[in-house]
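Peer 1: Dropping a structure here in structure tokens format, bear with me for questions.
The values are calculated or read from the model by the stated rules, or taken from the named source; none is laboratory data. Quantities reported herein were computed from a predicted structural model and do not represent experimental measurements. Using ideal geometry, Cβ is built from the backbone for each residue, glycine included, and neighbour counts are taken over all protein chains shown. The area values use the complete protein model at the heavy-atom level, side chains included, leaving out ligands, DNA and RNA. Shrake-Rupley method; radii C 1.70, N 1.55, O 1.52, S 1.80 Å.
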Amino acid sequence: MAASTPPLKDELDIVIPTIRNLDFLEMWRTFFQPYHLIIVQDGDPARNIKVPDGFDYELFNRNDINKILGPKASCISFKDSACRCFGYMVSKKKYIFTIDDDCFVAKDPTGKDIDALRQHINNLLHPSTPYFFNTLYDPFSDGADFVRGYPFSLREGVPTAVSHGLWLNIPDYDAPTQLVKPRERNTRYVDAVMTIPKGILFPMCGMNLAFDRHLIGPAMYFGLMGDGQPIGRYDDMWAGWCVKVICDHLGLGIKTGLPYIWHSKASNPFVNLKKEYKGIFWQEEMIPFFQDAILPKECTTVQSCYKELAKQVKDKLGKIDPYFVKLGDAMVTWIDAWDELNPPAKAVTSK
């Protein structure tokens, strides 16, 4: 029997940020080889990164980012995995899957390898239900449906913009939790996908994440982090908060749960504490800011929503620290760079 064509083979890019050789791809070969990879090399651009044979890929380092974006390259973080969002910008595909280079193939409770990419695609291709919670979680999953009492008028759902996957083994903890639970491991596999309800924020992790680039791509900016910035390790969470506010405003959905990947190694908690230190304080004001953020009805595109959010970041969070003024400016630069590399399609007019 002929092998089935991989789903969305020509419509999806895999984005990987890295500072090292990508030997981990060998484990993913069966699942990733049919797809195009965009590798964003962080750190020293003179270093030669090795990619296993047989993969179709582009590799961008800091010199490439500077050359492609010119002065706007200032919005792309350096020495931080936030640099991955450059890959979102240069992709020409409808969908993105991004994964960290310390993430391996996990096994489900039966011992079968989990095809994380296929599950993400399944999540993205089925609607979300942010306006009314279904107690059987995702009604579009196999073996599930809408329960009694679920309004028929809401059963069509809304387009899914983001699929947020989880991790077995090393949990995605902040530094203080890492320090007090150094041996903690996530062994709990929960066979569930759910839509995050409207008005509810969540801590988005970038190590196992997929999204519809056409629906939400311009909001997937991982902020200004790392080298030269007072904060790190908040890049994916910052993007997640911005994305959730915009999805709620535009009527889009976000799913979380399956698929799982195997997170193989924990980063150093003392190094992490140094990066997170200010964020641990700031998040107590950042989160209420996003909970209260309202976008005007005139904002009908992701770009207009994001620029409005950037303005509110400068006005309200700028009072906490000048960093947020800088971040707000970078958010606008990011959108300008995105639009430059992704100009809207011109309408075809008949003569």
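Peer 1: A 22 angstrom limit on the alpha carbon distance is what I want to check against. Which of LYS50/LYS275; LYS255/LYS319; LYS79/LYS265 exceed it?
Peer 2: Check vs 22 Å cut-off fails for LYS50/LYS275; LYS255/LYS319.
Peer 1: While we're on this one: Tell me the accessible surface of LYS278 in square angstrom (1.4 angstrom probe, heavy atoms of protein chains only), to the nearest ten.
Peer 2: Its accessible surface works out to 80 Å², give or take rounding.
Peer 1: When only the heavy atoms of the protein chains count and the probe is 1.4 Å, how do ARG62, ARG233, ARG20 rank by accessible area, highest first?
Peer 2: These residues rank, largest area first, as ARG20, ARG233, ARG62.
Peer 1: Something else about it: Once you charge only the Cβ atoms, +1 for Lys and Arg and -1 for Asp and Glu, what is the size of the charge dipole of the chain about its Cα centre, to the nearest 20 debye?
Peer 2: Roughly 260 debye, rounded to the nearest 20.
Peer 1: Now a separate question. If you take the square roots of the eigenvalues of the alpha-carbon gyration tensor of the stretch 166-271 and sort them as a ≥ b ≥ c, do you get rounded (a/c under 1.5), prolate (a/b over b/c) or oblate?
Peer 2: Judged from the Cα gyration tensor, the stretch 166-271 comes out oblate (a/c at least 1.5, b/c at or above a/b).
Peer 1: Label LEU179 and GLU26 with points 7 Å out from Cα along Cα→Cβ: what is the distance between them in nm?
Peer 2: The two pseudo-label positions are separated by 3.8 nm.
Peer 1: Can you work out the Karplus-derived ³J(HN,Hα) for every residue in the stretch 5-17? Use 6.51 cos²θ - 1.76 cosθ + 1.60 with θ = phi - 60°, whole Hz, and x for glycine or proline.
Peer 2: 5, x, x, 6, 3, 9, 10, 9, 10, 9, 9, 10, x
Peer 1: Given that just one value was derived from the coordinates, which of [x] 21.9; [y] 21.0; [z] 20.3 is Kirkwood radius over Cα pairs in Å?
Peer 2: Given [x] 21.9; [y] 21.0; [z] 20.3, the structure-derived one carries the label [y].
Peer 1: Turning to a different aspect of this structure: Give me the percent of DSSP beta bridges within the stretch 1-126 that run antiparallel, rounded to the nearest 5.
Peer 2: 5
Peer 1: Once you order the gyration tensor axes a ≥ b ≥ c over the Cα atoms, which shape class does the stretch 294-341 get: rounded for a/c under 1.5, otherwise prolate or oblate by comparing a/b with b/c?
Peer 2: Taking the square roots of the gyration eigenvalues as a ≥ b ≥ c, the stretch 294-341 is oblate.
Peer 1: Pull up the cross-link candidates among the lysines for LYS314, meaning alpha carbon to alpha carbon under 21 Å and not fewer than 8 places away within one chain.
Peer 2: Once the sequence-local lysines are set aside, what remains near LYS314 is LYS72, LYS244, LYS278, LYS297, LYS326.
Peer 1: Anyone know which of GLY165, GLY318, GLY87 comes out most mobile in the 10 Å Cα GNM of the chain?
Peer 2: GLY318
Peer 1: Let me ask another. Using each residue's phi in the stretch 207-223, evaluate 6.51 cos²θ - 1.76 cosθ + 1.60 at θ = phi - 60° and report the 3J(HN,Hα) Karplus result to the nearest Hz, with x for Gly and Pro.
Peer 2: Computed from phi, the couplings for the stretch 207-223 are 7, 8, 9, 9, 7, 8, 5, 5, 7, 9, x, x, 8, 7, 8, 8, x Hz.
Peer 1: Just to make sure I understand: if all protein chains stay in place, what is the order of PHE281, PHE140 by accessible area at 1.4 Å, largest first?
Peer 2: PHE281, PHE140
Peer 1: Would you give the gap between the C-alpha center of the stretch 266-316 and the C-alpha center of the stretch 178-242, rounded to a whole Å?
Peer 2: If we compute the Cα centre of each part, the gap is 12 Å.
Peer 1: Over the chain, what is the relative contact order in percent, taking alpha-carbon pairs closer than 8 angstrom and at least six residues apart?
Peer 2: 19
Peer 1: Also, quick follow-up: Among ASP64, ASP102, ASP142, which one moves the most in a GNM of the chain with springs linking Cα atoms closer than 10 Å?
Peer 2: Comparing ASP64, ASP102, ASP142 in a Gaussian network model of the chain, the most mobile one is ASP142.
Peer 1: Please work out the average accessible area per residue across the chain, using the 1.4 Å probe convention, and give it in Å².
Peer 2: Per-residue accessible area for the chain comes out at 48 Å².
Peer 1: Specify which residue in the list TRP241, ASN268, THR256 is farthest towards the positive end of the charge dipole of the chain, using unit charges on the beta carbon of Lys, Arg (+1) and Asp, Glu (-1), about the Cα centre.
Peer 2: TRP241
Peer 1: Nearest 0.05, what FRET efficiency do SER304 and ASN48 give at R0 = 56 Å with Cβ-Cβ as r?
Peer 2: 0.85
Peer 1: Where does the charge balance sit around LEU8 when Lys and Arg score +1, Asp and Glu -1, over other residues with C-beta under 15 Å from its C-beta?
Peer 2: 0
Peer 1: Shape of the stretch 210-315 from its Cα gyration tensor (a ≥ b ≥ c, root eigenvalues): rounded if a/c is under 1.5, otherwise prolate when a/b > b/c, or oblate?
Peer 2: Cα axes put the stretch 210-315 in the oblate bin.
Peer 1: Of PHE32, ILE287, VAL325, whose Cα points farthest to the positive end of the dipole of the chain (charges on the beta-carbon: +1 Lys, Arg; -1 Asp, Glu; origin at the Cα centre)?
Peer 2: The residue sitting farthest along the positive end of the dipole is VAL325.
Peer 1: What ³J(HN,Hα) values, in whole Hz, does the Karplus curve 6.51 cos²θ - 1.76 cosθ + 1.60 give for the stretch 149-161 when θ = phi - 60°, with x put for Gly and Pro?
Peer 2: Karplus-based 3J(HN,Hα) across the stretch 149-161 equals x, 7, x, 5, 5, 9, 6, 6, x, 10, x, 8, 9 Hz.
Peer 1: Accessible area of the chain with a 1.4 Å probe: how many percent of it is carbon plus sulfur?
Peer 2: Here carbon and sulfur together make up 54 percent of the probe-accessible area.
Peer 1: Moving to a separate point now. For a quick check, take a GNM of the chain with Cα springs below 10 Å and name the residue from PHE211, PHE146, PHE60 with the largest mean-square fluctuation.
Peer 2: PHE146
Peer 1: Let me ask you something else. Sort TRP167, TRP282 by accessible area with a 1.4 Å probe, largest first.
Peer 2: Sorted descending by solvent-accessible area, the residues read TRP167, TRP282.
Peer 1: Helix-only mean residue ellipticity at 222 nm, the chain, DSSP H runs n ≥ 4 weighted -39,500 (n - 2.57), per residue, nearest 500. What is it?
Peer 2: When only DSSP H runs of four or more count, the value is -10000 deg cm²/dmol.
Peer 1: A further question follows. For ILE19, what residues show an amide H to amide H distance below 5 Å, using hydrogens built from the backbone and excluding near sequence neighbours?
Peer 2: ASP42
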